[in-house]
Every structure is written in structure tokens, then in C-alpha cells.
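> Dropping a structure here in C-alpha cells format, bear with me for questions.
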Amino acid sequence: PNPLPNIEQQELDEQAVAAKLSDRAHASAAEQAALIRQLAAINPRSNDRWAEMHRVFSDDQRFLLDRLSSLPADSLLAGRLDLDRLGVFGMSSGGTASHMTCAVDRRCRAGLNMDGFQPLLLDLPPLQAPFMHMSRGNGFRHAIAHERAQAASYLVRVEGTAHLSFT
């Protein structure tokens, strides 16, 4: 029902909001969140697709944890996993999914997100487990989750890196 977006205008709009975000790297979490939501609203179809993908990844992580807790007694890993003290980590989409998993699953006792971000993270409950947010030197979106965290939280920006530097 919606006409195809004007890609050129969309890119200009995205660049304008991204520039505002860069200028406000030291702004309050609420101000940053408002700009991130504004950026996501420019291309809601793409944002919704990415959000669904990250939900599936987080669901997959929790499905795996469920299955590991019900291994047969003769399994190689049976009795060798401490499923009450798990660390969850990932890079890019995996990092976003790890944040999501740790925000909603008490089995996550520590987490690491390496340069993953999706606006849906803004709406998750504050992290209750120790968590490290790593990003490029110019990355700042993790500051919101870092500020909201209710457990030890670490925000690491690695100067001179690009997104794929974390792979």
C-alpha cells in the first residue's frame, strides 16, 4: 500500500539524523534515544525486518539453552555445563541478540555485545547482569544501555576500528 520510498531523500534524511547523533554523542540517553527512534522511523520497513531477525536470533539462543538443560544422561556434555552461570556474547547481529537474551533471560549471568545495535534495544528492560558493550571509536549508541544497566556495565570504544574489525 505504501509507495516505494524515495531512496535518495531517505539517504539524505538518514545522513542528517546520523550527523545530529554524532554531534550529540555526549547528550543525555533520552536525547540520544529520541534521535535513534527518529532515524529508525525514516525507513520503518528495514528497521522492522532487522528487528524481527534479531528477535529470531535471541529466540534461537534461548532455545539452545533450553535444549542444553535437557541433554540425555549419556551425552558427552551431560553434567559438564553450569547452565546457571552462562555468558552470552556476539558480534554485530549476534551482539544485538546477546543483549536481548541477557535482558530477558535470568540464565545470562554476563554478556558482551561487540558492535551490535538495533533500536529495539531501547525498549528492553535494563540489563540485570554484568555486561560489556564494545563499539567502534565513533560508536555511542551503547551508552544508553550502559547508563540504564542495573548491574556492572562496561562501555568500551576501540579507536581506529571499523565494524568488521571485531570479527
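The values are calculated or read from the model by the stated rules, or taken from the named source; none is laboratory data. Quantities reported herein were computed from a predicted structural model and do not represent experimental measurements. Reconstructed Cβ throughout: ideal geometry from the backbone, glycine too, with neighbour counts over all protein chains shown. Accessible surface is based on the protein model in full, side chains and every heavy atom, while ligands, DNA and RNA are left aside. Shrake-Rupley method; radii C 1.70, N 1.55, O 1.52, S 1.80 Å.
> Give me, ordered by chain and number, the residues 5 or more places off Gly116 or on other chains with an amide H under 5 Å from its own placed amide H.
HN-HN under 5 Å from Gly116: Ser92, Thr96.
> Pick from Ala40, Ala78, Ala51: which residue has the top mean-square fluctuation in a GNM of the chain where Cα pairs under 10 Å get a spring?
Maximum fluctuation in the GNM of the chain, among the listed residues, is at Ala78.
> By how many degrees, between 0 and 90 and to the nearest 10, does the Cα long axis of helix 44-68 differ from the longest principal axis of the chain?
Long axis of 44-68 versus the principal axis of the chain: about 10 degrees.
> Can you work out ³J(HN,Hα) from phi for every residue in region 111-124, in order, using Karplus 6.51 cos²θ - 1.76 cosθ + 1.60 and θ = phi - 60°, giving whole Hz and x for Gly and Pro?
Running phi through 6.51 cos²θ - 1.76 cosθ + 1.60 with θ = phi - 60° gives x, 9, 10, 9, 6, x, 8, 8, x, 4, 4, 5, 9, 7 Hz.
> Right, something else. Which whole-number percent is the relative contact order of the chain (Cα, under 8 Å, 6+ apart)?
Details: 242 pairs, mean separation 27.8, N = 167.
Relative contact order of the chain: 17 percent.
> In whole percent, and with a 1.4 Å probe on the protein chains, what portion of the accessible area of region 1-104 is carbon and sulfur?
55
> Same structure, new question: Using the crude model of +1 on Lys and Arg Cβ and -1 on Asp and Glu Cβ, and no other charge, please compute the dipole size for the chain relative to its Cα centre, in debye to 20. Don't skip to the end; give the middle numbers.
Details: 17 positive and 19 negative charges, 81 e Å.
Around 380 debye, computed over the chain.
> What residues qualify as long-range amide H neighbours of Met132, i.e. H under 5 Å apart, gap of 5 or more or another chain, H built at 1.01 Å from N?
Those lying under 5 Å, H to H, from Met132 are Gly111, Leu112, Asn113, Tyr154.
> Considering the chain as a Gaussian network with a 10 Å cut-off on Cα pairs, which listed residue, Gln150, Gln118, Gln15, attains the greatest mean-square fluctuation?
Greatest mean-square fluctuation among the candidates belongs to Gln15.
> What is the Cα centroid distance between region 144-167 and region 43-110, reported in whole angstrom?
19
> In a Debye calculation with equal point scatterers on the alpha-carbon sites of region 1-155 and no solvent, what is log10 I(q)/I(0) at q = 0.17 Å⁻¹?
Taken in order of the listed q values, log10 I(q)/I(0) reads -0.98.
> Extension gain Ala162-Ala29, at 0.36 nm per residue separation less the Cα-Cα distance, in nm?
45.5 nm
> Helix 29-42 versus the longest principal axis of the chain: what angle, 0 to 90°, nearest 10, using Cα atoms?
In the chain, helix 29-42 runs at an angle near 70 degrees to the longest axis.
> Mind checking region 57-106 for trypsin sites (Lys or Arg not before Pro) that DSSP puts in a loop (not H, G, I, E or B) and that have at most 15 other Cβ atoms within 10 Å?
Those that pass, being in a loop and sparsely packed, are Arg80, Arg85, Arg106.
> A further question on this structure: Taking Cα atoms of region 86-167, Rg/Rh with Kirkwood Rh, to two decimals?
My calculation puts Rg/Rh at 0.93.
> What does the C-alpha gyration tensor say about the overall shape of region 70-127? Classify as rounded when a/c is under 1.5, otherwise prolate if a/b is larger than b/c, or oblate.
prolate
> Given a 10 angstrom Cα cut-off, can you work out which residue in Ala103, Ala19, Ala149 is the most mobile in a GNM of the chain?
Ala19
> Still on this structure: Taking the 0 to 90 degree range and rounding to the nearest ten, how far is the long axis of helix 93-104 tilted relative to the main principal axis of the chain, both from C-alpha atoms?
Compared with the principal axis, the helix lies near 70 degrees.
> While we're here: Run lengths n ≥ 4 of DSSP H only: what is the helix-derived mean residue ellipticity at 222 nm for the chain, with -39500 (n - 2.57) per run over all residues, to the nearest 500?
-14500 deg cm²/dmol
> Here's a follow-up. Starting from the Cα of Met53, step 7 Å along the direction of its Cβ; do the same at Leu68; then give the gap between the two resulting points in nm.
Distance between label points: 2.5 nm.
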